[in-house]
1. State to the nearest 20 debye the size of the charge dipole of region 34-166 about its Cα centre, where the only charges are +1 on K and R beta carbons and -1 on D and E beta carbons.
2. Cut-off under 27 Å on the C-alpha distance; same-chain residues fewer than 8 positions from residue 154 excluded. Which lysines are left, in chain and number order?
3. Determine, at each q value in 0.09 (inverse angstroms), the log₁₀ of I(q)/I(0) that the Debye formula gives when each Cα of the chain is one equal point scatterer.
4. Would you mind computing, in nm to one decimal, how far apart the modelled labels at residue 159 and residue 84 are, each placed 7 Å from Cα along Cα→Cβ?
5. Taking the convex hull of the Cα atoms, report for region 27-101 its projected area averaged over all directions, in nm².
6. On C-alpha positions alone, give me the angle between the axis of helix 26-43 and the longest principal axis of the chain, in degrees, nearest 10.
Amino acid sequence: MSVTFSTLLTSLRRTLRDENSTTWTDNQLGELINQGIDAIGTVYPKEVIETVAYTQPIQGAINSVTLSTVTWPIRIDVYDDGSKYVETVYPTLGYGANSGWEIHAGKVFFPPHYRFTSDTGTFRVFGYGAWTPITIGTSSSTTDLDTRAQYAVKVFVEAEALTMLMYDRAQFQQWQVTAGNTDVT
């Protein structure tokens, strides 16, 4: 599911009682939305499946693949050239270089003496990745947040925006002049 920047802004402004953009600018709320997307991604990341082509290395060479969308892999399946499932490569058990795959700096390293069943094929890397941030200032910009993540981002932005009111007297005074905003109990 995806949601546009303008839809998120409309919903947030209604909740913050700032429908006329008196207190918070679109850029301020956009920055808070992106901070929220980043914060939510650490506790509720996006599930991702990435497909990576491979070629069998020379025996004993370091075999690694670079990942672009999966930041935290949990399972790696190997498929042959005909897209037929061949095997699952298990993660390291902590018993040295030959005990399984490891990840470092966005690369998956396979055991140096591991031999795949076929010389070429693809890996399907199952794992977690980051949610797509919005482009601030572009109302049609979209993010791929699902419904739960959208609600969490909204709660994050609302909390941060109200914290801004407490620490910025000028912003509080702008917010206070709107009818119904004087009751802060």
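Bear in mind that the values in this text are calculations on the coordinates, not laboratory data. On a predicted model such as this, the values are computed, not experimentally measured, just so you know. A quick note on method: Cβ atoms are made from the backbone with ideal geometry, for glycine too, and the neighbour counts reach across all protein chains shown.
1. With Lys and Arg at +1 and Asp and Glu at -1, about 100 debye.
2. Correct list for residue 154: 46.
3. Reported log10 I(q)/I(0), two decimals: -0.50.
4. So the label points at residue 159 and residue 84 sit 5.2 nm apart.
5. Orientation-averaged projected area of the Cα hull: 7.7 nm².
6. 40 degrees
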